[in-house]
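Asks: Quick one: the structure is below, questions incoming.
The values are calculated or read from the model by the stated rules, or taken from the named source; none is laboratory data. Bear in mind that the values here come from a model prediction, so they are computed numbers and not experimental data. Virtual Cβ from ideal backbone geometry, glycine too; neighbours counted across all protein chains shown. Note: areas computed on protein heavy atoms with side chains; ligands, DNA, RNA excluded. Shrake-Rupley method; radii C 1.70, N 1.55, O 1.52, S 1.80 Å.
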Amino acid sequence: MKLRSYACGRWFEAKGGFVDVRSAIDGHVVAQVSSEGLDFAAVLDHARNVGGPALRRMTFHERADLVKRLALHLAERKQKFYDLSFDTGATQKDCFVDIDGGIMTLFSFASKGRRELPNSRVAIDGALEPLSKGGRFVGRHILTPLQGVAIQINAYNFPCWGMLEKLAPAIIAGVPVIAKPATPSAYVAYAVFEEIVRSGIFPEGSVQFVAGGLGDTLDRLTGQDVVSFTGSRGTSSKLQAVRAIGENAVRFIAEQDSLNASILGPDAAPGTPEFDLYVKEIVRELTAKAGQRCTCIRRAIVPRAFIDDVERALIERLGKVVVGDPHAEGVTMGALVSLAQRADVRARVAELASEATIVYGDPMHVAAVGGSDAEGAFMSPIVLRCDRPLEAARVHDVEAFGPVTTLMPFDSVADAIAIANRGEGSLVASIFSYDGHAADEIVLGIGSYHGRVLVVDRDCAKEQTGHGSPLAPLVHGGPGRAGGGEEMGGVRGVFHYMQRTAVQGSPQRLATVTGQWNPGAAEQKTEHHPFERPFESLTVGETFYTGTREITLADIEHFAEFTGDRFYAHMDEAAAKTSPFFDGRVAHGYLLLSFAAGLFVKSELGPVLANYGIEGLRFVKPVYPGDTLHVRLAVKEKAPRKPEYGEVRWSVTLFNQDDDVVAQYDLLTMNATAAHVPVLGEAVAAS
Ligand code: NAP
């Protein structure tokens, strides 16, 4: 099968220069890859001039919907990807992480995009900043999509997940993608991409695919482009050295190799649950994807007193691992991606062996079930042991990207921290300990060197997701040699493809730019209570002023008796006066909220379906008996949720009789759309 590139709205087949990609299992040629003859300038232009504008015309929610539709489309066709993946050496379990994991990542991004980003084309970061005394000049950070293209270069180990976890945030951000898979597993990424194209979900020019080299693409990048790279440190450094990338300050997000550490706590002696969990986790990490995971435990750091026990337990468990063709019955670990990769791992093991002793496995031979280790890239799990890790260098620096780990003893918690940090930055480190004090010390001691720290003990053992599994909303990426930056999950991953800009101006200007009303911006006063009107008829910036209510001492006492909140500032004049904030007894803040609700809530059945929270509540000024309240209810922001209803964010301001603000908050409600306003006796159907 000759893999084609998808460029400028059509499939492109190279005329020559093909590289054979062989099966990891038996060496047959699975695919041929080349991008020779592709016009990379045209590919970039197409993304920038066709894809980018089309995406930027859409809102975050619309783009998140595309990602969700893609997830549904791929989920229905995933068997095809499974069938192809076995040739990469992956077992069924490995495929699950790559394929189902990739699809789940799309769902997760889509849902976070809808829930955490506005239904508009600009995102807001942080609160409105007052910049002048009179409140007529304010500032705010906004995020808008870069107007270039995201070049997404992926590693070979997760051809589906790797491509989708990069594609989703860029698309939601509004930036077109050029995806470049790693050659050794490009046929899996190709099959997924064929489906992306076939689905017709994405606007023209927003996704393109290069099978093979990128030609002069990187030389043509500008400051509006992003390179998102996953792979080895060597390749990453080479690409970052491309002149245009440095000169034009092109954003370069790197996820690169990582000498991840896992520390067994000083308390976790043989026989404790943490000891067993630790051994199990190392074996899982070594064998999953034949150790070709960026999060694999490369350094197992254990108390010196337990190192022999850990070694014995590992040897016993690893003895049960069955290496071979993933199709064969009973196989628990597949192959490395290629013979070349195995040769590389063998060479790295030889380097490690100059400072450590191999205590399990023969790097040069393994009995592979259903295959031969001459034709297939099979390899035994390898455990090394380095007894003086603080005096060694290679064990902290050489990444053997296969089923390889090194055991290292420590004598004190401080040593364990020092050894872990010798990796100079990693994606993930883990701690297996039930000693809270030691675990806390290690977390603080290693935090700045790691993108993620997993702390496992008997309390979370059943639910913890493992060393290798970040959850989509969490950081994926690490400092130092792991890439330097942070590749984020969730909404912050989307922000990587956007520019944060401080906008200054009048409250009205900021309101129209951001699509969010704020006090100080123009008000469209309405007499028709907004709680009586369906979602569509509400306009951002519309305000409604309620009637008034006097607060009496009797109200305060009644509320105190009724709720049990007899705080002295409400009940005792002399005690209240001792406070630097009060001149005497004051009304409860919660009483004010309740009276505010009493002033604006409608009792009749209507479009407001539920109140689901309050945010940013501040009591600004005390309210004393005899003060009179009134409330301004303003439509601050709207976000459609389902055909039946949408979310309304109300800016609620409580004033006293002098028009001083006494309290301010955002109220969140779900409001029915016109066709779904509830009617007595009829249940509202939810889709
Ligand atoms: P690699 O050899 O560095 O290749 C990575 C990607 O770079 C591939 O797509 C490769 O394409 C591309 N590439 C190489 N030279 C290029 C050039 N001159 N211009 C443009 N693209 C170029 O890494 P790999 O062997 O695929 O993956 C294994 C490595 O990835 C390991 O070191 C592992 O630790 C790391 N990794 C890290 C993470 C993480 O999240 N930190 C995740 C997964 C893997 P070709 O294949 O076509 O050359």
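Asks: Of LYS93, LYS238, LYS133, which has the most accessible area with a 1.4 Å probe, and how do the rest follow in descending order? Intermediate results must be reported in sequence, preceding the final value.
Replies: Values: LYS93 165, LYS238 145, LYS133 215 Å².
Listed by decreasing accessible area, they come as LYS133, LYS93, LYS238.
Asks: Per-residue counts of other Cβ atoms within 10 Å, averaged by peptide: what ranking do you get for 51-58, 560-567, 178-185, highest first?
Replies: Answer by packing, highest mean first, reads 178-185, 51-58, 560-567.
Asks: Then there's this: Just how far, in whole angstrom, is the stretch 397-411 from the stretch 182-211 if you go by their alpha carbon centroids?
Replies: Cα centres, the stretch 182-211 to the stretch 397-411: 36 Å.
Asks: What number comes out for the charge environment of ALA368, summing +1 per Lys or Arg and -1 per Asp or Glu over other residues with Cβ under 10 Å away? Mind showing how you got there, number by number?
Replies: Values: positive: none; negative: ASP325, ASP373, GLU375.
So the environment of ALA368 carries a net charge of -3.
Asks: Provide the FRET efficiency to the nearest 0.05 for the ASP125-VAL359 pair, computing r from the beta carbons and using R0 = 60 Å. Working shown, then result.
Replies: On the way: r = 51 Å, r/R0 = 0.85.
Working from the Cβ atoms, E equals 0.75.
Asks: On a C-alpha basis, how far is the centre of the stretch 428-474 from the centre of the stretch 16-61 in Å? Whole number, if you could?
Replies: That distance is 38 Å.
Asks: Taking only the alpha-carbon positions of the stretch 523-686 and ignoring solvent, what does the Debye formula give for the base-10 log of I(q)/I(0) at q = 0.08, 0.14, 0.15 Å⁻¹?
Replies: -0.28, -0.76, -0.84
Asks: Still on this structure, please answer the following. Using only C-alpha atoms and all pairs of different ones, pull out the Kirkwood radius for the stretch 84-219 in Å with one decimal. All intermediate terms of the calculation are to be shown ahead of the outcome.
Replies: Values: mean 1/r = 0.0588 Å⁻¹.
This gives a value of 17.0 Å.
Asks: Of all beta bridges DSSP finds with both residues in the stretch 94-248, what is the antiparallel percent, to the nearest 5?
Replies: Working: 5 of 16 bridges.
Of the beta bridges lying entirely in the stretch 94-248, close to 30 percent run antiparallel.
Asks: Per residue, what volume in Å³ does the convex hull of the Cα atoms of the stretch 153-211 enclose?
Replies: Values: hull volume 4.0 nm³, N = 59.
Each residue corresponds to 68 Å³ of Cα convex hull volume.
Asks: Quick one: if you stick a label point 7 Å off each Cα along the C-beta vector at GLN240 and GLU682, how many nm between them?
Replies: Distance between the two pseudo-spin positions: 6.2 nm.
Asks: What number do you get for the stretch 365-474 when its Cα radius of gyration is normalised by 2.2 N^0.38 Å, N = residues?
Replies: Values: Rg = 16.8 Å, N = 110, 2.2 N^0.38 = 13.1 Å.
Working it through for the stretch 365-474, the quotient is 1.28.
Asks: Something else: Taking every DSSP beta bridge that has both residues in the chain, what percent is antiparallel when rounded to the nearest 5? Please list the in-between numbers first.
Replies: On the way: 62 of 106 bridges.
Percentage antiparallel, nearest 5: 60.
Asks: Now for a separate question. Quick one: what does P(r) look like for the stretch 214-254 with 5 Å bins over all Cα pairs, in whole %?
Replies: Bins of 5 Å from zero give 6, 26, 37, 25, 6, 0 percent of pairs.
Asks: Can you bin the stretch 1-113 into rounded, prolate or oblate? Criterion: square roots of the alpha carbon gyration tensor eigenvalues sorted a ≥ b ≥ c, rounded for a/c under 1.5, prolate for a/b above b/c, oblate for the rest. Write down the numbers at each step before the final one.
Replies: Working: a/c = 3.27, a/b = 1.14, b/c = 2.87.
Verdict is oblate for the stretch 1-113.
Asks: Let me ask you something else. Where both residues lie in the stretch 261-471, what percent of DSSP beta bridges are antiparallel, nearest 5? Numbers along the way, then the final one.
Replies: Working: 3 of 27 bridges.
Around 10 percent antiparallel, to the nearest 5.
Asks: Listed here are the pairs LYS280/LYS462; LYS2/LYS80; LYS112/LYS638; LYS15/LYS180; LYS133/LYS638; LYS112/LYS642; which of them are more than 21 Å apart at the Cα? Write out the running numbers ahead of the final one.
Replies: On the way: LYS280/LYS462 13 Å; LYS2/LYS80 17 Å; LYS112/LYS638 17 Å; LYS15/LYS180 19 Å; LYS133/LYS638 30 Å; LYS112/LYS642 15 Å.
Exceeds cut-off: LYS133/LYS638.
Asks: Quick check on the chain: helices-only [θ] at 222 nm, where DSSP H runs of length 4 and up contribute -39,500 (n - 2.57) each and the sum goes over total residues. Nearest 500, please. Intermediate values should be presented prior to the final figure.
Replies: Values: 21 runs with 205 residues, N = 687.
Computed ellipticity for the chain at 222 nm equals -8500 deg cm²/dmol.
Asks: Right, something else. Counting alpha carbon pairs within less than 8 Å and at least 6 residues apart, what relative contact order, in whole percent, applies to the stretch 523-686? Show your work: numbers first, answer last.
Replies: Values: 334 pairs, mean separation 43.9, N = 164.
In percent, rounded to a whole number, it is 27.
Asks: Could you give me the radius of gyration and the Dmax of the stretch 261-471, taking only the C-alpha atoms into account and expressing both in angstrom?
Replies: 16.3, 51
Asks: I'd like the distance separating the alpha-carbon centroids of the stretch 121-145 and the stretch 617-671, in whole Å.
Replies: 20 Å
Asks: Using only alpha-carbon positions, what ratio does the radius of gyration of the stretch 19-59 give when scaled by 2.2 N^0.38 Å?
Replies: Working: Rg = 17.5 Å, N = 41, 2.2 N^0.38 = 9.0 Å.
Scaled against compact globular proteins, the figure is 1.94.
Asks: Could you state, as a whole-number percent, how many of the C-alpha pairs of the stretch 287-403 are farther apart than 17 Å?
Replies: Values: 3747 of 6786 pairs.
In whole percent, the share of Cα-Cα pairs in the stretch 287-403 beyond 17 Å is 55.
Asks: For LYS621, list the lysines whose Cα falls under 17 Å from its own Cα; do not include residues on the same chain fewer than 8 positions away.
Replies: LYS577
Asks: Subtract the Cα-Cα distance of THR512 and LYS93 from 0.36 nm times their separation in residues, and report this length gain in nm to one decimal. Each step should come with its number before you reach the end.
Replies: Details: separation 419, 0.36 × 419 = 150.84 nm, distance 5.00 nm.
Length difference between fully extended and current span is 145.8 nm.
Asks: Please give every one of the aspartates and glutamates within straight-line cross-link reach of LYS289, meaning a C-alpha to C-alpha distance under 15 Å, and leave out same-chain neighbours fewer than 8 residues apart.
Replies: Reachable aspartates and glutamates: ASP87, ASP94, ASP98, ASP100, GLU281, ASP325.
Asks: Over all distinct Cα pairs, what is the inverse of the mean 1/r for the stretch 474-564, reported as the Kirkwood hydrodynamic radius in Å? Intermediate results must be reported in sequence, preceding the final value.
Replies: On the way: mean 1/r = 0.0535 Å⁻¹.
Its Kirkwood hydrodynamic radius stands at 18.7 Å.
Asks: Continuing with this model, one more query. Quick check: net charge around SER34, other residues with Cβ under 11 Å of its Cβ, Lys/Arg +1 and Asp/Glu -1? If you can, show how the numbers build up before the last one.
Replies: Details: positive: LYS2, ARG4, LYS15; negative: GLU13, ASP20, GLU36.
That sum, taken over residues with Cβ under 11 Å, equals 0.
Asks: Grab the eigenvalues of the alpha-carbon gyration tensor for the chain, scale each by 5, take roots, and send me the semi-axes largest first in whole angstrom. Don't jump to the answer; show the numbers that get you there.
Replies: Working: eigenvalues 568, 226, 100 Å².
Value: 53, 34, 22 Å, ordered largest first.
Asks: Students often check this: by mean Cβ neighbours within 10 Å, which of 25-32, 390-397, 629-636 ranks highest, and how do the rest follow? Please report the intermediate quantities before stating the final value.
Replies: Numbers: 25-32: 17.8, 390-397: 16.2, 629-636: 21.6.
Ranked by mean Cβ neighbours within 10 Å, highest first: 629-636, 25-32, 390-397.
Asks: Under a 1.4 angstrom probe, counting protein chains only, how are TRP650, TRP11 ranked by accessible area, largest first? Don't skip to the end; give the middle numbers.
Replies: Working: TRP650 0, TRP11 65 Å².
Order by accessible area, largest first: TRP11, TRP650.
Asks: For the ranges 669-679, 545-555, 298-308, what's the packing order if you count other beta-carbon atoms within 10 Å of each residue, average per peptide, and put the highest first? List each step's numbers first, then the result.
Replies: Details: 669-679: 16.9, 545-555: 14.7, 298-308: 21.2.
Ranked from most to least packed, the peptides come out as 298-308, 669-679, 545-555.
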